[in-house]
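See structure below.
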Amino acid sequence: MSDDDRIEIVTYSLAEAYVYQIPPSATHAGHRADSWNVEKWLRAVRVKVTSRGSKGAIKLEDKDSGELFAECPLPNDAPVSTAVEPVIDSSRYFVLRVVDDASGRHAFLGLGFRERDHASDFKLAVQEHQNVRAREREAVKRREEHERLTAEKAAANKAAGVEGPASLHDYSLKGTVTVNIPGSRATGAKSVPAVGGVNDGGFGAFGVPPPPAATPAGGFAIPPPPP
């Protein structure tokens, strides 16, 4: 199934944020929000962080009409900072690399939040997308490694004339195994007494004794919560 056939999942949504037309960064350290006119935004938007299969994106929709204004694809194999960069002088403003699907051209826009909590939740949602993709890549890598080792084991077994499915690990018990059960009778005994001398229908030898009863001094009893 391709990514386009999967259901789109919204991992973050905010009804109102603000998009800014921003100047080029004046320093190599990064963008500064104090160089924007933050009281004069380009458009008020709804912000969504979405996931569809392996694809993630930040969608900026017109606050009133809901029409898509701009979209910032989230990278899978590159640092998320290549698409979403926080400014260096505020925790509420970010620079997004938005891309036009039709032409493939990109531009940089500023995104601002009124509340720091909203900005923090947005940042966590973006980071979680990259964390999920990293876990998926690790799972694929481990599966491919397991398949490679299993194929090598199967080839070695075939060359040695060993029949049966290839297994990377042999969990079978070798030789004679002696199991000592503490408290059992001498050799030749036909039964093992249950714990506490009570027959509980077959599990007596391995029964778990009940917890000790509460004592006036406290014992093992859990004290009640404070009033």
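Report, to the nearest whole %, how much of the accessible area of the stretch 1-142 belongs to carbon and sulfur atoms, 1.4 Å probe, protein only.
C and S atoms contribute 48 percent here.
Suppose the chain between ALA159 and THR178 were pulled fully straight at 0.36 nm per residue; how much longer would it get relative to their current alpha carbon spacing?
Fully extending the segment from ALA159 to THR178 adds 3.3 nm.
With a 1.4 Å probe and every protein chain left in place, work out the accessible area per residue of the stretch 1-122 in Å², rounded to a whole number.
Here the residues of the stretch 1-122 average 59 Å² of exposed surface.
Check THR11: other-chain or 5+ apart residues with amide H under 5 Å from its amide H, H built from backbone geometry?
Here the answer is VAL49, THR50, SER51, since their amide H atoms fall under 5 Å of that of THR11.
Using the Karplus curve 6.51 cos²θ - 1.76 cosθ + 1.60 with θ = phi - 60°, work out ³J(HN,Hα) for each residue of the stretch 76-87 in order, rounded to whole Hz, and write x for Gly and Pro.
Running phi through 6.51 cos²θ - 1.76 cosθ + 1.60 with θ = phi - 60° gives 9, 10, 9, x, 5, 5, 6, 10, 10, 10, x, 6 Hz.
Amide H neighbours of LEU42 under 5 Å, at least 5 residues apart or on other chains, H built in the peptide plane: list them.
Distant-sequence amide H within range of LEU42: VAL19, TYR20, GLN21.
Taking H placed 1.01 Å from N in the peptide plane, check which residues at least 5 places from ALA70 or on another chain put their amide H under 5 Å from its amide H.
LEU60
Out of the stretch 38-81, which trypsin sites (Lys or Arg not before Pro) are coil in DSSP terms and have no more than 12 other C-beta atoms within 10 Å?
Sparse-neighbourhood loop trypsin sites (Lys or Arg not before Pro): LYS40.
Hey, if you drop one equal point scatterer on each alpha-carbon of the stretch 1-155 and run the Debye formula without solvent, what base-10 log of I(q)/I(0) do you get at q = 0.12, 0.16 Å⁻¹?
The Cα Debye sum returns log10 ratios of -0.56, -0.90.
I'd like the Karplus ³J(HN,Hα) series for the stretch 174-181: coefficients 6.51, -1.76, 1.60, θ = phi - 60°, whole numbers in Hz, and an x wherever there's a Gly or Pro.
Along the stretch 174-181, the couplings run 9, x, 8, 10, 10, 10, 9, 9 Hz.
What are the ³J(HN,Hα) values, in whole Hz, obtained from phi via the Karplus relation 6.51 cos²θ - 1.76 cosθ + 1.60 with θ = phi - 60°, for each residue of the stretch 16-32 in sequence order, with x given for Gly and Pro?
Computed from phi, the couplings for the stretch 16-32 are 8, 8, 9, 9, 10, 8, 10, x, x, 5, 7, 9, 6, 5, x, 7, 10 Hz.
The values are calculated or read from the model by the stated rules, or taken from the named source; none is laboratory data. Note that the structure is a prediction, hence the values are computed from the model and not measured. As a convention, Cβ positions derive from the backbone with ideal geometry for all residues, glycine included, and neighbour counts pool all protein chains shown. In case anyone asks, the SASA skips ligands and DNA or RNA and just uses the protein heavy atoms, side chains included. Shrake-Rupley method; radii C 1.70, N 1.55, O 1.52, S 1.80 Å.
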